Amino acid sequence: MNVPIKALPLSVVAALVLLACGKEAPPPPPPAVAPAPPPPEVIKIGHVGPLTGGIAHLGKDNENGARLAVEEANAKGVEIGGKKVKFELLAEDDQGDPKVGTTVAQKLVDAKIVGIVGHLNSGVSIPASALYEQAGIPMISGSSTNPKLTEQGFKVTFRVVGRDDQQGPAVANYLLAEIKPKTAAVIDDATAYGEGLSNEVENTLKAAGVKVLPREKGTDKTADWKAVLTKLKGKKPDAVFYGGMDATGGPLLKQARELGIKAPFSFGDGACTDKMAELAGAAANGLLCSQAGVPVEATSKKFRDGYKAQFKIDPILYAPFTFDGVNILIEAMKKAGSSEPAKYLPELAKISHEGASGKIEFDAKGDRKDAEMTIFTMTGGKITPLAIVKSGKTVKFEDFIKAAAEAAAAAPAVPTPAAPAAAAPVAAPAAEVKK
Amino acid sequence: MSQANKYYSGLAVLILSLLVLPFALSAAGTAWVRITNLAILFVFLSLGLNIVVGFAGLLDLGYVAFYAVGAYVYALLASPHFGLHLPFWMILPIGAGLAALFGVLLGTPTLKLRGDYLAIVTLGFGEIVRIFLNNLSQPINITNGPRGITLIDPVRLGSISFGRSDQFFGLVLSGPMKYYYLLLLLLSLVIVVNLRLQNSRIGRAWEAIREDEMAARAIGINTTRIKLLAFAMGASFGGVAGGMFSAIQGFISPESFVLTESVMILSMVVLGGMGNIWGVVAGAVLLSFVPEMLRYTVVPLQMTLFSRIVIEPEVIRLLLFGLALVLMMRFRPAGLWPLRARQREFHKQAAIK
Amino acid sequence: MDTFLQQIINGLTLGSLYAIVALGYTMVYGIIQLINFAHGEVVMFGAMITLSVISAAAGSGLPPAAMILMGVAVAIPACMALGYLLERAAYRPLRKAPRLAPLITAIGMSIVLQQIALMIWSRNILSFPQILPVTLYEVAGASVSSLQIIIIGLCLVMMTGLAWIVYGSRLGTAMRATAENPEIARLMGVDVDRVIAMTFIIGAGLAAVAGLMVGIYYGLAHYTMGATLGLKAFSAAVLGGIGNIPGAMVGGILLGLVEALGAGYIGELTDLCGYSTLNFLFQSRCADGGNLVLFGSNYQDVFAFVVLILVLVFRPSGLLGERVADRA
């Protein structure tokens, strides 16, 4: 509501410009002296992720996804309850630190946001979610995979990405189907992410009758894995899973091959990056790994093109999910005809949205129904998708892409809307006057 | 008489302004009340460490372990993890007591060690506690490992929960504001205890050990008991701070109790002036607010100058901490607000040089 | 048996790396009783600088050995300069200050150096170009890589060289005199400032070599690597008796072995299912090849610290440390 001062002179300028090139002016050109149309109501949506620190690039990627959705909506023009509205993204930095995370969350609550997309790390999302719950502000995380987030019984907490306990079984099932191990080893890096994911893998393998060796652990800084690996070598596992990041997973794989361990290695999304090839060298070839959700190359082309046009780079990892998160918030507001959290929350819970990352619906806890998981392998220094796992079924990646392409061809071709200009905040009010 | 009057009126103004502070802060945003609360927690911690490092002169690099013990005691006794929901006035003393026990546990084997050896053993101790907290999810799940403990109960007094806003006599008090008053109460208690300690027999015994342990023993001070007392007292403050941290955050994990945190608390003590209670309070307040100030100044400044972030605020913060430690030792080794006795010591040193 | 031998080899390699870094700590401590907490950061700078040089030269088609020599040729003088600078700017002004002051300065310098490295080389894990072909040898069923042999050998060479400097050269005599009593050494005509500066410079040179070895062996470098490694190496130096050169070696190797054997065997020793007498207690857990491990490899670092604390409790000045009455 504090935009008018800025918007007014802008709309006057826009009107003058329109008058100057009269041909394009809409039928009854508003006289320049007439009061400008009522300024659109401003709706604030928050986004939080680490913009500084070790995974700042992923935090920025998430923010970009959310920003793209907001700017596309503003360019298109959205009406809620018959009133024209304008969205504003309040982006904050939580440094990936739980303490900073709650402070920043409080700051956004103070700023009267109506919905929040974030945070990135599960360890930060969980304490922050309690604050949003108290304030009654819906929260959608696009990248927090820890099951705990939605197990707290909070009504306002949602996520559009898969959970660790969906990713774990997916990679374990793939191992069971393709490698058929009798004995398997599970290693983790003693972090919330690594341990949580590894527990899920272990449970799935055990349920299928595989003998799982006692858990071995390093830390998120371990460089020397030889003692642990030597111990494993004596036990001769048929497959190994490591829950941890690429920084530790690379050396692990390299040292395993040096010690002559031949069993196939598999990893979760933290070590499902091209960096593995750099760190492990030739040893990386043939590794298996999983990512929660569909790979970026399988998200909608419209999203990828829009992102590239806006930010001049390609989306990295979870941007499609934060993009969808913002769009779901907007769609729920439209359906409810109100941007008040309490009013649109019921609509949010029962939403069915066709997003960049596929169809999104929430279950009772706020988790995404039938979240997809992707299995990758490493060939020639690049991770390449092998298969998509959805509701326990495995589909080869080529077939998945083919099916998606066919579905797209069957639907009436939707022209991609022109990517919003770079200076979107300025362009937006002008565009509205033009309409 | 007028001296006393002046003192009391000064005190009254201080108390009044501290009481009104959260209202002024919430005008700028409740987030600031939260930041202030965390700052008060750091004052707690610094005062606790000050007993060990400042009063008794024992360098402790694993202080965060006691903070962790207090935090986990609160979290385990007031969360759905074990289904226990004890009231905070029961848990805080338990946390303080257990932390004190850990203090003695650390102190006993290290009694004979001095200076540098003590530093490395305390550092190892801090790491051991963290590693245990991180790994006690298997084979029996006690701490829930790295995934931490969620849904920790907020402080409750009768029907008043500190987790939400309430109205008292027409004044709206948000959760963080209630915590602020509770923390302020606890803090004044801690400061009074500290002031009393400093001028007590025990305080003088600590000072004697700090200056010359041999001589202290020679004049009949039971150095073993006095040193252990320092560890236990310091640790118990850490335990209380940990408990309050748990209640305020609602979620804790071993990530919050790393070595850097110990170094941070040490920086606060050193910067303020080891041994001087008001100096330490000032040091802790200063260093708690510096990161927030950097957030509001450094980022926008760089954005306007270079239109991107060249040096992250976190990096600047750590650089400043590091440089502060180095420069303080070089130019004001007794701290910004040094203890008078200490100042004399350092002066003497300089004179010899 | 081959598993045990392999663990010994693992431990020896890791221990040799610790020992090389520990030498730097012990030298400085021996002469001015200062824990140079920033030594780990000098090691990290050594690794980072060689990495930058090797990466720049990687495309040139030079033989790997030449590239590594180039890296060393840049890293050693750079680290020596850094070591000298540390001594000159941070520690020398504090030589007469109370014990706590230089220690806190050292912690401060270590934070500052880390942040500087972060600004230069970013936060990312950097990988060394894989230039050295690693040959594996089979020894009685265990595998040893050529790199491991080089590391263990180099560690011995460096210790011998250092021992010669300290106990055999003129500079060493001056160093020992300064360590014994700087005032008297000065009266005897020893340039104490120069001797102390030389100690820092030699220590930093060793750190550069250590950084190179660690970087190439694990194939990566990161701005925090010095802190983790430094902590372990420092523990090793204390274990062996800080200030004592063979002690650093013994402490390093011992710590490496404790870690390898600890991670390798304690898990099995504390698997309650492995004891048939206890088995009836945990039948549901132990059935079907289950396990109930109390302390697995996750406690690897705890073993190291516990051994350190135990040694210090019973021998407060380390394994080979002289019993100094009270130097504080």
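The values are calculated or read from the model by the stated rules, or taken from the named source; none is laboratory data. For clarity, every value in this text was computed on a predicted model and none was experimentally measured. Every residue, glycine as well, gets a Cβ built from its backbone with ideal geometry; the counts of neighbours run over all protein chains shown. Each accessible area value is taken on the protein alone, full model and side chains, heavy atoms only, with ligands, DNA and RNA left out. Shrake-Rupley method; radii C 1.70, N 1.55, O 1.52, S 1.80 Å.
Label positions at residue B:189 and residue A:285, each projected 7 Å from the Cα along the C-beta direction, are separated by 6.7 nm. Accessible surface for residue C:165 stands near 40 Å², nearest 10, in the context of the full protein assembly shown (1.4 Å probe).
Looking at chain B, do any whole DSSP H helices span at least 24 angstrom along their long axis by alpha carbon and average -0.5 or above on Kyte-Doolittle, and which? All intermediate terms of the calculation are to be shown ahead of the outcome.
Working: long enough: B:2-28 (38 Å, 1.21); B:30-49 (29 Å, 1.70); B:88-107 (28 Å, 2.05); B:115-135 (30 Å, 0.90); B:175-198 (34 Å, 1.30); B:223-249 (39 Å, 0.93); B:277-306 (42 Å, 1.39); B:313-331 (26 Å, 1.71).
Both cut-offs are met by B:2-28, B:30-49, B:88-107, B:115-135, B:175-198, B:223-249, B:277-306, B:313-331.
Here segment A:171-226 and segment A:255-303 have alpha carbon centers that stand 15 Å from each other. Here segment C:147-226 and segment C:299-315 have alpha carbon centers that stand 26 Å from each other.
Pairs of alpha-carbon atoms within less than 8 angstrom and 6+ residues apart define the contacts here; what relative contact order does segment B:1-142 have, in percent?
Values: 81 pairs, mean separation 33.3, N = 142.
In percent, rounded to a whole number, it is 23.
Do any residues of segment A:82-125 lose at least 30 Å² of accessible area when the full set of protein chains is present rather than just their chain alone, and if so which, with a 1.4 Å probe? Listed in order, they are A:95, A:98, A:99, A:102, A:103, A:106, A:107, A:110.
Computed from point charges on the beta carbon alone (+1 for Lys and Arg, -1 for Asp and Glu), the dipole magnitude for segment B:3-352 about its Cα centre is near 700 Debye.
Shape of segment B:78-149 from the C-alpha gyration tensor: oblate (a/c of 1.5 or more and a/b not above b/c, with a ≥ b ≥ c the square roots of its eigenvalues).
Quick check: from the Cα gyration tensor, does chain B come out rounded (a/c under 1.5), prolate or oblate?
Details: a/c = 1.35, a/b = 1.18, b/c = 1.14.
In terms of gyration-tensor shape, rounded.
Taking every C-alpha pair closer than 8 Å and separated by at least 6 residues, the mean separation divided by the residue count of segment C:2-314 gives a relative contact order of 35 percent. Within the full protein context, the accessible area of residue B:82 is estimated at about 100 Å² for a probe radius of 1.4 Å. Take the Cβ atoms of residue A:57 and residue C:139, set R0 to 45 Å, and the FRET efficiency comes out at 0.55. The order of A:361, C:268, A:178 by accessible area, most exposed first and with a 1.4 Å probe, is A:178, C:268, A:361.
So how much accessible surface do B and C hide from each other in total, probe 1.4 Å, in square angstrom to the nearest 100?
Result for this pair: about 4000 Å² buried.
Quick one: putting +1 on the C-beta of Lys and Arg, -1 on the C-beta of Asp and Glu, what dipole do you get for the protein assembly as shown around its Cα centre, in Debye to the nearest 20?
Values: 93 positive and 79 negative charges, 408 e Å.
Here the protein assembly as shown has a charge dipole of around 1960 debye.
Taking only protein heavy atoms and a 1.4 Å probe, the accessible area of the protein assembly as shown is 65% carbon and sulfur.
Overall dimensions of segment C:146-258, expressed as equivalent-ellipsoid semi-axes from the Cα gyration tensor (√(5λ), whole Å, largest first), are 29, 15, 14.
The convex hull drawn around the Cα atoms of the protein assembly as shown, when projected onto a plane and averaged over every direction, covers 51.3 nm². When all protein chains stay in place and ligands, DNA and RNA are ignored, the 1.4 Å accessible-area order of B:89, A:225, largest first, is B:89, A:225.
For segment A:174-223, what is the convex hull volume of the alpha-carbon atoms per residue, in Å³?
80
Across every direction, the projection of the convex hull enclosing the Cα atoms of segment B:175-298 has a mean area of 9.5 nm².
Taken as entire DSSP H runs, the helices of chain C that both span 18 Å or more between Cα atoms along their own long axis and average 1.0 or more on the Kyte-Doolittle scale are C:2-32, C:39-57, C:64-85, C:100-121, C:146-168, C:192-218, C:225-240, C:245-261, C:300-314.
Any idea of the total accessible area buried by the A-C contact, 1.4 Å probe, rounded to 100 Å²?
Working: alone 19730 and 16050 Å², together 33270 Å².
The buried area between A and C, both sides summed, comes to about 2500 Å².
Which of A:217/A:359; A:148/A:226; A:335/A:382; A:369/A:402 have a Cα-Cα distance over 31 Å? Working shown, then result.
Working: A:217/A:359 37 Å; A:148/A:226 33 Å; A:335/A:382 43 Å; A:369/A:402 23 Å.
A:217/A:359; A:148/A:226; A:335/A:382, as the Cα separations exceed 31 Å there.
Ordering C:309, C:184 from largest to smallest accessible area (1.4 angstrom probe), what's the sequence?
Details: C:309 35, C:184 90 Å².
Sorted by accessible area, descending: C:184, C:309.
Per residue, segment C:2-314 exposes 37 Å² of solvent-accessible protein surface, assessed with a 1.4 angstrom probe and all protein chains in place.
Only the Cβ atoms of Lys and Arg (+1) and of Asp and Glu (-1) were treated as charged; on that basis the dipole of segment C:2-314 about its Cα centre amounts to roughly 1000 debye.
Remark: spin-label model distance residue B:303-residue A:369 equals 4.0 nm, labels positioned 7 Å along the Cα→Cβ axis. The residue list B:144, B:117, B:3 was ranked by how far each Cα lies along the charge dipole of chain B toward its positive end, using unit charges on Cβ atoms, and B:3 comes out on top. Computed with a 1.4 Å probe on the full set of protein chains, the accessible area for residue B:156 sits at about 120 Å². Compared with the alpha-carbon gap, the fully stretched path from residue B:222 to residue B:15 is longer by 70.6 nm at 0.36 nm per residue. Hey, if you drop one equal point scatterer on each alpha-carbon of segment C:2-314 and run the Debye formula without solvent, what base-10 log of I(q)/I(0) do you get at q = 0.07, 0.10 Å⁻¹? So the normalised log intensities are -0.32, -0.62.
Computed with a 1.4 Å probe over protein heavy atoms only, the accessible surface of segment B:3-352 comes to 42 Å² per residue.
Note on residue A:394 and residue C:62: with the Förster distance fixed at 56 Å, the Cβ-Cβ geometry gives a FRET efficiency of about 0.75.
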